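Notes to accompany the following structure.
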Amino acid sequence: MGDARRALVTGGAGGIGRMIVKRLAASGYHVSVVDIAGAEGEKLTAESGAVRYTQGDVTDPKAVREAIEDAREGRTLHAVVNCSGISPKRDGRNPLLTEIDLAEWERVMAVNLTAPFLVIQQAAPHLEDGVSSIVNIVSIMAKLGSAGPAGVAYGPFSPSGAHYSASKAGLKNLTASAARELAPRGIRCNAVAPGFVATGMAAATSGKLEATTVAQVPLGRAATADDVAAAVWFLVSDEAQYITGETIDVDGGWCPD
Ligand SMILES: NC(=O)c1ccc[n+]([C@@H]2O[C@H](COP(=O)([O-])OP(=O)(O)OC[C@H]3O[C@@H](n4cnc5c(N)ncnc54)[C@H](O)[C@@H]3O)[C@@H](O)[C@H]2O)c1
């Protein structure tokens with residue numbers, strides 16, 4: 001275990017995060033998780049193969065520092081995955097711009113954008129030159145923005161609100177900055193943009209809107225959490241050593257470039 005590559009997955013107790021933990025642990029990574037999910041999160045991540053769980057809110061710089069120190073055990077970190085995120089809904093549908101108050105807007109920005117900034121900033125000194133990499137989980141909605149109510153939306157329907165889309169667009173751009181700034185050290189930073197994943201936060205989407213969304217996907221189904229985890233696994237691997245600043249869409253062809 002002393003020589004194992006160390007990984008930190010934020011939001012690792014969630015539907016997608018647990019599959020990322022599982023993939024990395026199965027590849028021999030020594031995986032740590034930071035999540036706000038409490039004892040249940042600790043149990044679930046242990047079942048996925050995580051060796052350590054730190055209870056914490058990633059919008060709190062102190063909690064981020066503690067999670068990084070726990071994960072690196074005095075050594076370097078090889079993989080950092082920003083997977084924590086929130087997407088507030090209204091009775092299973094996307095909130096409209098006029099329904100989002102300032103507190104909700106600021107919380108979404110704090111969790112989905114500011115927290116990954118804190119994690120990248122604090123982890124960077126502990127990454128290994130020429131080896132380590134960061135992956136941010138964004139969303140296909142970073143390209144699209146939110147949509148109106150189902151039935152009157154133009155283009156692909158979005159099950160998330162404008163705050164969520166804006167935060168993920170910001171994180172996609174932060175990915176490019178981190179990639180460019182860390183490149184001189186040979187450290188890579190990429191993003192994975194899932195479409196509709198049939199797990200985790202998508203469980204709060206109403207069945208009707210899920211059907212509307214999945215009907216727009218050319219491959220004819222929602223993503224699995226493991227579809228997303230496979231892309232993360234590839235990006236942190238040595239197979240991806242010439243890929244940085246990139247966002248890989250894992251959306252079944254829903255929103256092609
Ligand atoms: N499910 C989808 O359809 C979908 C689509 C596109 C992108 N995503 C993104 O994938 C990631 C994982 O989503 P998921 O579907 O697994 O949702 P999820 O709700 O199951 O997982 C999110 C995890 O983040 C944790 N978390 C939330 N706020 C936190 C905080 N302040 N501090 C620490 N941990 C916190 C939660 O406890 C949870 O374990 C998110 O970033 C999400 O935006 C999901």
Practice prompt. Please identify the pairs in which a residue from the stretch 221-241 that is over 23 Å from Gly130 (Cα atoms) has its Cβ atom under 7 Å from the Cβ atom of a residue that is near the ligand (Cβ under 10 Å from one of its atoms) and among the hydroxyl-bearing types (Ser, Thr, Tyr), counting only partners at least 6 apart or on another chain.
Written response: Ala225/Thr199
Worksheet item: Hey, any hits in the stretch 87-102 for a residue that's within 11 Å of the ligand (Cβ to nearest atom) and free of Cβ contacts under 8 Å to residues at least 40 places away in the same chain?
Response: no
Fill in: Top-ranked residue of the stretch 18-28 - restricted to ones that are touching a residue at least 40 places away in the same chain (Cβ under 8 Å) and out of contact with any Asp or Glu (no Cβ under 7 Å at 6 or more places or on another chain), ranked as farthest from the ligand (Cβ to nearest atom)
Ser27
Practice prompt. Test Glu42 against the criterion of being in a helix (DSSP H, G or I), under 19 Å from the mean Cα position of the chain (by Cα) and either within 17 Å of Val228 (Cβ to Cβ) or within 14 Å of the ligand (Cβ to nearest atom) (or both), and give yes or no.
Written response: yes
Fill in: Every residue from the stretch 242-256 that is in contact (Cβ under 8 Å) with a residue 40 or more places away in the chain and not polar (S, T, N, Q)
Ile243, Gly245, Glu246, Ile248, Asp249, Val250, Asp251, Gly252, Trp254, Cys255
Discussion item. I'd like to know if the stretch 29-41 contains one or more residues that are in contact (Cβ under 8 Å) with a residue 40 or more places away in the chain and in contact with an Asp or Glu (Cβ under 7 Å, 6 or more places away or on another chain).
Written reply: yes
Item to complete: Tell me which residues, restricted to the stretch 231-257, are closer than 21 Å to Arg5 by Cα and surrounded by 17 or more Cβ atoms within 10 Å (Cβ to Cβ).
Response: Ala231, Val232, Trp233, Leu235, Val236, Ala240, Thr244
Worksheet, complete the sentence: Counting only residues that are more than 14 Å from Cys83 (Cα to Cα) and within 14 Å of the ligand (Cβ to nearest atom), the stretch 183-201 contains a total of 3
Response to the item:
Within the stretch 127-145, restricting to residues that are away from the ligand (no atom under 13 Å from the Cβ) and not hydrophobic (A, V, I, L, M, F, W, C), the one that is modelled with the lowest pLDDT is Gly145
Discussion item. Within the stretch 16-26, does at least one residue satisfy the condition of being out of contact with any Pro (no Cβ under 7 Å at 6 or more places or on another chain), over 24 Å from Ser237 (Cβ atoms) and surrounded by fewer than 18 Cβ atoms within 10 Å (Cβ to Cβ)?
Written reply: no
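The values are calculated or read from the model by the stated rules, or taken from the named source; none is laboratory data. Keep in mind it's a predicted model, so treat the numbers as computed, not measured. Cβ coordinates were reconstructed from backbone atoms using ideal geometry, including for glycine residues, and neighbour counts include every protein chain displayed.
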